[in-house]
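Data block below; observations after.
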């Protein structure tokens, strides 16, 4: 009766593909889209370095329908990254105490998302403004 | 009187903070400016939407990348985005048990490090 | 007597049983239990033990989500059996297993020794900043200072967060969410001076850096302790400590 023989159950190999962990896996892969976008910029830099002809090819590819579709997918992934990034933000911070009470994490996320929208909008406004004045 | 504390030996320190900070910097930069950057370089510049048609001409972009601030922007965006993606891809591949950790590290952090060096080299080769 | 308290309905419970003396590996055993609307899964298990099979083993004590003893997987989710109600699971059969990621001792009883060692390793007590004799009175604290750590002191060591953590599942040496919540309970306490001792315990590969911010630990916590917050804010602290230790080398405590 008192025999001790602990049984070790193995972790399911595909845990990351199932609820509730699937959302986490999708979130991580949306971060990979950030690097894919970085690769597109790096390709542009390489073409710029090689000279005007190579750069013209890069521009032609970038204005194609395929590139448009790729950027739409990347934008969707990037927006998911933005949302999930700021959902985790309050987890990485000490509790914010305002007037003796902890600030709800959803409020931190909402404010951070607002700041992010302002940052992105400001960048676009600045670029458009430079275009108008030049 | 300070109470006697039973001390535990400290484990070996991990170098993970270095990669975690690069991941975090890339994550924050992309979270703040990523959507605008994709809209700008993926839609507005190639199609001349909201910007002058000559905005993405070779001389214009070359001048931007030759400017020291332009160089810093390009390096920060490309390198940090790679480090961000590398950390996330590494962790996901590790979760999927896709291979030995050393190989996975080379495929992710290794590539990010290499491409960071390539970016720096290109920015220097393009000149000031 | 109202209808609610008369057991008029029945439900099938499939319990993962493991008797180390006779079972090579755990097997699901089916039981049918009469239940009333106020019956918890713990009570259903107790009824099996009382009336069907006295050898069924499970831990329990308080019956009111305070002691943290009756954690188990109920339909694949880590739950306290005492505050999970049969009426919410009926009419389908319910699968009851021991907590995921832990070695099974017997039936629904898992090994807790490693978890206790982890808790011991992070100095789970206040280490005063300065020695203060009793005659000098209490260590005072404002409500805001208390709010900074209070929720982390609500942990009942039920280990549901460990059962939910895939990184603990992959690496049993990972310090894990529960012990980190306790660490933050002390590191966040204004009366405590042991922060550095504790940070030194978690700066390794099996410390905070084994966490990938999956976050399910906080979702399954029955006391809203938010262990994911405890782990992840200490990544920031540990990263800062990583660079500071080059600038101001310290002797080991």
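The values are calculated or read from the model by the stated rules, or taken from the named source; none is laboratory data. Quantities reported herein were computed from a predicted structural model and do not represent experimental measurements. Backbone-built Cβ (ideal geometry, glycine too); neighbour counts: all protein chains shown.
In this structure, is residue A:37 in contact (Cβ under 8 Å) with a residue 12 or more places away in the chain, farther than 27 Å from residue A:117 by Cα and assigned to a helix (DSSP H, G or I)? No, not satisfied.
Can you tell me which residues in region C:17-46 are more than 14 Å from chain A (Cβ to nearest Cβ), closer than 17 Å to residue C:74 by Cα and out of contact with any helix residue (DSSP H, G or I) (no Cβ under 6 Å at 6 or more places or on another chain)? Within region C:17-46, C:29, C:30, C:32, C:43, C:45, C:46 meet the criteria.
Residues that are assigned to a helix (DSSP H, G or I), in contact (Cβ under 8 Å) with a residue 12 or more places away in the chain, at the interface with another protein chain (Cβ under 8 Å from one of its Cβ atoms) and closer than 21 Å to residue B:123 by Cβ occur in region A:54-68; there is at least one. Can you tell me which residue among A:122, A:116, A:110 is surrounded by 14 or more Cβ atoms within 10 Å (Cβ to Cβ) and in a helix (DSSP H, G or I)? Only one candidate qualifies: A:116. Failed condition for residue A:18, given (1) exposed (fewer than 15 other Cβ atoms within 10 Å of the Cβ); (2) more than 26 Å from residue C:167 (Cβ to Cβ); (3) out of contact with any helix residue (DSSP H, G or I) (no Cβ under 7 Å at 6 or more places or on another chain); (4) at pLDDT 95 or above, with all others met? Just one mismatch for residue A:18, condition (2). Taking residue C:120 as the residue in question, decide whether it is more than 25 Å from the chain's Cα centre (by Cα), over 21 Å from residue A:7 (Cβ atoms), assigned by TED's automatic domain parsing to the domain that holds residue C:201 and surrounded by fewer than 21 Cβ atoms within 10 Å (Cβ to Cβ). Spelling it out, it is not the case that residue C:120 is more than 25 Å from the chain's Cα centre (by Cα), over 21 Å from residue A:7 (Cβ atoms), assigned by TED's automatic domain parsing to the domain that holds residue C:201 and surrounded by fewer than 21 Cβ atoms within 10 Å (Cβ to Cβ). Restricting the search to helices (runs of 4 or more DSSP H) fully inside region C:184-253 and requiring at least 2 residues that are more than 16 Å from the chain's Cα centre (by Cα), at the interface with another protein chain (Cβ under 7 Å from one of its Cβ atoms) and in contact (Cβ under 8 Å) with a residue 40 or more places away in the chain gives C:195-202.
Scanning region A:69-105 for residues being surrounded by 13 or more Cβ atoms within 10 Å (Cβ to Cβ), in a loop (DSSP other than H, G, I, E, B) and facing another protein chain (nearest Cβ under 9 Å) gives a total of 3.
Which residue pairs have Cβ atoms under 7 Å apart, sit 6 or more places apart or on different chains, and have a first residue in region B:22-47 that is over 13 Å from residue A:71 (Cα atoms) and more than 7 Å from chain A (Cβ to nearest Cβ) and a second that is surrounded by fewer than 20 Cβ atoms within 10 Å (Cβ to Cβ) and at pLDDT 95 or above? From residues that are over 13 Å from residue A:71 (Cα atoms) and more than 7 Å from chain A (Cβ to nearest Cβ), the pairs are B:29/B:76. Hey, can you tell me all the residues within region B:93-128 that are outside any helix (DSSP H, G or I) and without any contact (Cβ under 8 Å) to a residue 40 or more places away in the chain? Passing the criteria: B:96, B:97, B:98, B:99, B:100. Restricted to strands (runs of 3 or more DSSP E) entirely inside region C:1-109, those with at least 2 residues that are in contact with a strand residue (DSSP E or B) (Cβ under 8 Å, 6 or more places away or on another chain) and surrounded by fewer than 16 Cβ atoms within 10 Å (Cβ to Cβ) are C:9-17, C:27-35. In this structure, residue C:168 qualifies as crowded, with 22+ Cβ neighbours inside 10 Å, within 14 Å of chain B (Cβ to nearest Cβ) and in contact with a helix residue (DSSP H, G or I) (Cβ under 9 Å, 6 or more places away or on another chain). Every condition in (1) over 14 Å from the mean Cα position of the chain (by Cα); (2) in contact (Cβ under 8 Å) with a residue 24 or more places away in the chain; (3) in a helix (DSSP H, G or I) holds for residue C:135 except the one numbered (2).
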